[in-house]
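Single-structure report; data block below.
The values are calculated or read from the model by the stated rules, or taken from the named source; none is laboratory data. Keep in mind that what you see is a predicted model, and the values were worked out from it rather than measured. No Cβ is skipped: glycine too gets one built from the backbone with ideal geometry, and neighbour counts run over all protein chains shown. Keep in mind that these areas ignore ligands, DNA and RNA; they rest on the heavy atoms of the full protein, side chains included. Shrake-Rupley method; radii C 1.70, N 1.55, O 1.52, S 1.80 Å.
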Amino acid sequence: MIEPFRVYALRFAHREASVRGEHFYGHDPCALDAYPISYYVWLAVSDAHAVLVDAGFTPGTAARRGGRDYLRSPMDTMRALGVDPDRIEHLVLSHLHYDHTGHVADFPRARIVVQEAELAFWTSRHAARPGIAHFVEPADVAHLVEQNFAGQVRQVDGEHEVVPGVTVHRVGGHTPGLQVVRIATAAGHVVLAADASHFYENVERGQPYGVVTFLPAMYDAFDTLATLASEPELVVPGHDPAVLDRFPAVPGLEGLAVRVA
Ligand SMILES: [Zn+2]
């Protein structure tokens, strides 16, 4: 009997001045229409386990890249939820883009779970291409390499059980080793899509995102999300501001945290 997890989406940053053309694959006749983007990490907790999915970016990275409003650190929002960041035993990284890796060092006790294909890619010759390197913070990748030597990184290949009730599934598409996370809750299986579906529009309309490593895998990922989730409503996109509308806010943390299940 797996004890069901409670799952929260924690929004730490937002970029209002964003348009459709930045986000969707192919020609978009409405490319200049406003399309704001939010940035999240996700927390799964039970009495026995605490798993964090992704590590956001830091205020320093937000300032350097510009245009992003840093709202509140994931660690502060976790504390407000009553979860001590030191309790995090597993930190799952969906992929290594800069907006998912910034606060890894703030969870020094956590075992990091990443797909082997993802870490391999970001230490390969391809990572240094300008149009690809733009998406990572080299210092974040270097930190992961150090943590790997320190024995703190669990590199997995495909499907893997993090703790009973939490599994990761490699889908690729957006990056070579992008993984999604399936979590057993009282409402059924929640699937944290991260960048396998940035927005509801991606998974609900089969509309690929514009940053693509391999387009067929991105389409397959939409199918995988649907298969893994108990209900379509339990697929949680990685960057959609509407996540805050579709799930109830945590009292006192409006705009920052919702309870997914
Ligand atoms: Zn990404």
Mind listing whichever residues of region 69-84 are within 18 Å of the chain's Cα centre (by Cα), surrounded by fewer than 20 Cβ atoms within 10 Å (Cβ to Cβ) and of a type outside the set (D, E, K, R)? Tyr70, Leu71
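Among Arg259, Arg205, Arg182, Arg170, which is the only one that is basic (Lys, Arg) and over 17 Å from the mean Cα position of the chain (by Cα)? Please lay out each step first, then the result.
Numbers: Arg259 fails: over 17 Å from the mean Cα position of the chain (by Cα); Arg182 fails: over 17 Å from the mean Cα position of the chain (by Cα); Arg170 fails: over 17 Å from the mean Cα position of the chain (by Cα).
On inspection, the qualifying residue turns out to be Arg205.
Return the residues of region 132-174 that are open to solvent by 60 Å² or more (accessible area, probe 1.4 Å) and either in contact with a Phe, Trp or Tyr (Cβ under 7 Å, 6 or more places away or on another chain) or closer than 19 Å to Val211 by Cβ (or both); say none if nothing qualifies. Steps first, answer last, please.
Of the residues in region 132-174, the ones open to solvent by 60 Å² or more (accessible area, probe 1.4 Å) are 134, 138-139, 146, 149-150, 154-155, 157, 159, 161, 164, 170.
Matches in region 132-174: His134, Pro138, Arg170.
Looking for whichever is among the aliphatic types (A, V, I, L, M) and either under 21 Å from Pro237 (Cα atoms) or more than 17 Å from the chain's Cα centre (by Cα) (or both) here; the options are Ala110, Ala105, Ala128. Which one fits?
Numbers: Ala110 fails: either under 21 Å from Pro237 (Cα atoms) or more than 17 Å from the chain's Cα centre (by Cα) (or both); Ala105 fails: either under 21 Å from Pro237 (Cα atoms) or more than 17 Å from the chain's Cα centre (by Cα) (or both).
After applying the criteria, what remains is Ala128.
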Within region 224-235, is there a residue that is more than 16 Å from the ligand (Cβ to nearest atom), charged (D, E, K, R) and outside any helix (DSSP H, G or I)? yes
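State whether the residues of region 75-83 include one that is within 16 Å of the ligand (Cβ to nearest atom) and more than 19 Å from Ile183 (Cβ to Cβ).
Initially, region 75-83 is screened for residues within 16 Å of the ligand (Cβ to nearest atom), giving none.
No, region 75-83 contains no residue that is within 16 Å of the ligand (Cβ to nearest atom) and more than 19 Å from Ile183 (Cβ to Cβ).
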How many of the residues making up region 190-224 are more than 26 Å from Ala34 (Cβ to Cβ) and touching a Ser or Thr at 6+ places or on another chain (Cβ under 6 Å)? 1
Looking across region 175-192 at residues that are among the small types (Gly, Ala, Ser) and touching a helix residue (DSSP H, G or I) at 6+ places or on another chain (Cβ under 8 Å), the single one that is least open to solvent (accessible area, probe 1.4 Å) is Gly177
Quick test of your reading of the structure: Pro216 fulfils all but one of (1) in contact with an Asp or Glu (Cβ under 6 Å, 6 or more places away or on another chain); (2) surrounded by fewer than 16 Cβ atoms within 10 Å (Cβ to Cβ). Name the failing condition by number. (1)
For residues that are open to solvent by 10 Å² or more (accessible area, probe 1.4 Å) and touching a Lys or Arg at 6+ places or on another chain (Cβ under 8 Å), scanning just region 86-120, find the one that is nearest to the ligand (Cβ to nearest atom). Tyr98
Of the conditions (1) crowded, with 21+ Cβ neighbours inside 10 Å; (2) under 17 Å from the mean Cα position of the chain (by Cα), Phe5 clears all except one; give me its number. (2)
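Specify which of the listed residues (Ala55, Ala13, Ala50) is of a type outside the set (Asp, Glu), closer than 22 Å to Pro164 by Cβ and open to solvent by less than 10 Å² (accessible area, probe 1.4 Å).
Details: Ala55 fails: closer than 22 Å to Pro164 by Cβ; Ala13 fails: closer than 22 Å to Pro164 by Cβ.
It is Ala50.
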